[in-house]
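Taking it in order: structure first as structure tokens, then the write-up.
Values in this text are rule-based calculations from the coordinates and carry no lab data. If you're wondering where the values come from, they're calculated on a predicted model, not measured in any experiment. Here Cβ is always computed from backbone atoms with ideal geometry, including for glycine, and neighbour counts include all displayed protein chains.
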Amino acid sequence: MNLSLVVASTLVISAFIVSSAKADDVGPPVWTGFYAGAQIGYGWGRDRIHDSSLSTGDSDYSDRFKIDGMTGGVHGGYNYQTGPWVVGAEADIELADVDGDNRDWPFGDNTKAKIDSQGSLRLRGGYAFGQTLLYATGGLALAHVKTDYYDGSAHDSYSDTKAGWTIGTGLECAFTTNWTARVEYRYVDLGRISDHTTTTDSGWQEHNDLQEHAIRVGVSYKF
């Protein structure tokens, strides 16, 4: 999916949210309470890879490649509002198809990485301007990552659930008493995933350092 298309779509959706929130039939929102909803998004980033010898610790190659793809899932949380200030906590879980590989690596080896599911547990804090809430968010990130290594006909495959951290910002607007819509950006750092390859490079470890950016749009129902 083209990034410029995602950005353009996000701007259009944001404009629609803001204009809807200004409609005459929307009363002042009360942000305090539980809510749940769904979201869809686009993630992109990089996998920085290198190897290390199990005997000496030396590395004989390093590379990096792009990862990208769609995400989608559900979220839920709780807000508490005092004056214009809103604080809360939120959790989300998603299916994902964010992947990439270094097929252009000149020496014939090939590495592939894929995030196939992910989630987070975050704090949120923001400032409400009438029907619009501008917020920051951050906390724990989790992702299930599959890694594959190829060397000619040799193949090693691994999977791991990795914990990292996430931080971001968003804009949420009420368009009825109970329904809100949002657009959100978040950065995720999953740290390092290390695999001891046995077929493609016996005696070596492969290290993947994964970072992901994502833009999401979603709707929530306040109970």
Give me the distance in nm between label points sitting 7 Å out from Cα along the Cα-to-Cβ direction at Thr169 and Phe223, one decimal.
-> 3.2 nm
The stretch 3-222: spread of alpha-carbon positions along the three principal axes, whole Å, largest first, is 67, 31, 21
Using θ = phi - 60° and Karplus 6.51 cos²θ - 1.76 cosθ + 1.60, couplings along the stretch 173-182 (whole Hz; Gly, Pro as x) | 10, 8, 10, 9, 4, 10, 9, 10, 10, 9
Estimated FRET transfer efficiency when R0 is 30 angstrom, pair Ser52-Ala136 (beta carbons, to 0.05) | 0.25
Ranked highest first by the average count of other Cβ atoms within 10 Å around their residues, in what order do 157-165, 206-214 fall?
-> 206-214, 157-165
Quick one: dipole size for the stretch 3-222, taken about the Cα centre, charges +1 on Lys/Arg Cβ and -1 on Asp/Glu Cβ, in debye to the nearest 20.
-> 1180 debye
Taking R0 as 35 Å and r as the Cβ-Cβ distance between Ile40 and Asp160, the FRET efficiency 1/(1 + (r/R0)^6), rounded to the nearest 0.05, comes to 0.85
Along the stretch 198-207, what does the Karplus equation 6.51 cos²θ - 1.76 cosθ + 1.60 (θ = phi - 60°) give for ³J(HN,Hα), rounded to whole Hz, x for Gly and Pro?
-> 10, 9, 6, 9, 5, x, 10, 10, 10, 10
With a Förster distance of 35 angstrom and the Cβ-Cβ distance between Tyr187 and Tyr78, calculated FRET efficiency to the nearest 0.05 equals 0.90
Mean separation of Cα contacts under 8 Å (6+ apart) over length of the stretch 92-223, as relative contact order % = 18 percent
What list of ³J(HN,Hα) values in whole Hz, one per residue of the stretch 82-90 in order, does the Karplus curve 6.51 cos²θ - 1.76 cosθ + 1.60 (θ = phi - 60°) give from phi, with Gly and Pro shown as x?
-> 10, x, x, 8, 10, 10, x, 9, 8
